[in-house]
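K.L.:
Let me begin by handing over the structure; questions about it come next.
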């Protein structure tokens, strides 16, 4: 089978993760990139294992011979337009998180891909870590019994310089939100993937530390899941020096905790062979707790590999567009609850 040929739209920091991931997949090649910055485009092209043509016109890039998969790496609120163009050009789509910044814009991308008959993948690499996959398997096998509590905590730090480094950062129009929509969305996705659908949220958000931004740097939300279980979401870019992200799952028969990508608690009423190995000592990475560049591209590589498998076998990808939509809806509900002071029930019938 011929290698899949990738193009990248938007050549900022996150595009580097995609380019490095593509370079490590045997049946993938980065052949094209679109950027308004020649310098950024050249940097991404330099990460390709072969020739990569840099375009300053998106339509021309989409016409690159053999191109069949396009990664959208523009700012969050600028995913829709290039995604629609790529779908209509018949390209399979990989869209960085969040899929878009409103549910309606997510739905527009999903609809365009359905109409064009192309596949859509929303980037959530945390699902692919061995620790989180083991946690999901334990839930599905019933080891927890009835789930009672599901919590996720992303207490990170971002400097003022981080927000000042791009005019789009910290804006509702292009960032779509702050600590929740940009940083903690990975763990919001994990929590609903592990615990099941969210029934309602009640939340508070605040801008407590940073200047010259429109969005929250601190947020807390109480969650009721459709199963009846309860939970908490905490998100911050205001917690110096930045702590490891953490997810905790509890049930009548067990409890587990994952910090960053390591299991740090794994206790069940009925022990099984292999349980102790999951808690073997590991060197805890800091992830993006203080530096957004300190995140491994391994999860992107594994997710892109899963997406290519889905394309080749005509089967479901682990994180398609409809999966990517879920965390956006939860976060939009949290923002509404914070504004109104009211509990917000999902699904959202309308958006603000």
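Read-outs throughout are calculated quantities, based only on the coordinates presented, and are distinct from any laboratory measurement. Here the structure is a predicted model, which is why all the values come from computation and not from measurement. Backbone-built Cβ (ideal geometry, glycine too); neighbour counts: all protein chains shown.
K.L.:
Please state the shape class of the stretch 1-68: rounded when a/c is under 1.5, otherwise prolate if a/b exceeds b/c and oblate if not, all from the C-alpha gyration tensor.
P.N.:
It comes out oblate by the Cα gyration axes.
K.L.:
Right, something else. Quick one: 323, 252, fewest Cβ neighbours within 10 Å first, how do they rank?
P.N.:
Details: 323 20, 252 10.
Going from sparsest to densest Cβ surroundings: 252, 323.
K.L.:
Right, something else. Pull out a ≥ b ≥ c, the square roots of the eigenvalues of the alpha-carbon gyration tensor of the stretch 214-352, then state rounded if a/c is under 1.5, prolate if not and a/b is larger than b/c, and oblate in the remaining case.
P.N.:
It comes out rounded by the Cα gyration axes.
K.L.:
Give me the orientation-averaged projected area of the Cα convex hull of the stretch 32-179, in nm², one decimal.
P.N.:
Quarter of the Cα hull surface area: 12.1 nm².
K.L.:
When you count, for each residue, the other Cβ atoms within 10 Å and take the mean per peptide, how do 162-169, 66-73 rank with the highest first?
P.N.:
Answer by packing, highest mean first, reads 66-73, 162-169.
K.L.:
Report, to the nearest 10°, how far helix 130-140 tilts away from the longest principal axis of the Cα atoms in the chain, using its own Cα long axis and a range of 0 to 90°.
P.N.:
So the inclination is approximately 60 degrees.
K.L.:
Could I have the simple spin-label model distance between residue 322 and residue 352, label points 7 Å from Cα toward Cβ, reported in nm to one decimal?
P.N.:
2.9 nm
K.L.:
Mind ordering 171-177, 21-27 by average Cβ neighbours within 10 Å, highest first?
P.N.:
Peptide ranking by packing, descending: 171-177, 21-27.
K.L.:
Taking the simple approach of a point 7 Å from Cα along Cα-to-Cβ for both residue 104 and residue 2, what is their distance in nm?
P.N.:
Between residue 104 and residue 2, the label points sit 4.0 nm apart.
K.L.:
Taking every pair of distinct Cα atoms and averaging 1/r, then inverting, what Kirkwood hydrodynamic radius in Å comes out for the chain?
P.N.:
Kirkwood hydrodynamic radius for the chain: 20.7 Å.
K.L.:
Go ahead and set up a Gaussian network model of the chain, Cα springs under 10 Å, then flag whichever of 318, 62, 304 fluctuates most.
P.N.:
318
K.L.:
I'd like to compare 91-98, 192-199, 47-54: which one has the highest average count of other Cβ atoms within 10 Å, and what's the full order after that? If you can, show how the numbers build up before the last one.
P.N.:
Numbers: 91-98: 26.1, 192-199: 20.1, 47-54: 16.4.
Top of the packing list down: 91-98, 192-199, 47-54.
K.L.:
Then there's this: From Cα pairs below 8 angstrom and at least 6 apart in sequence, can you work out the relative contact order of the stretch 208-275, rounded to a whole percent?
P.N.:
Working: 81 pairs, mean separation 12.2, N = 68.
Result for the stretch 208-275 is 18 percent.
K.L.:
Also: As a test, work out the antiparallel percent of DSSP beta bridges whose residues both lie in the chain, rounded to the nearest 5.
P.N.:
If I count the DSSP bridges inside the chain, around 60 percent turn out antiparallel.
K.L.:
Next up: Before anything else, pin down the relative contact order of the stretch 1-160: Cα pairs under 8 Å, at least 6 apart, normalised by residue count, whole percent.
P.N.:
Computed over the stretch 1-160, the figure is 17 percent.
K.L.:
With r as the distance between the Cβ atoms of residue 267 and residue 339 and R0 = 35 Å, compute the FRET efficiency 1/(1 + (r/R0)^6) and round to 0.05.
P.N.:
0.35
K.L.:
For the chain, what does the relative contact order come out to in percent, with C-alpha contacts under 8 Å and a separation of six or more?
P.N.:
Relative CO of the chain lands at 18 percent.
K.L.:
Rounded to whole Å, give me the distance from the Cα center of the stretch 299-319 to that of the stretch 1-45.
P.N.:
One Cα centre to the other: 17 Å.
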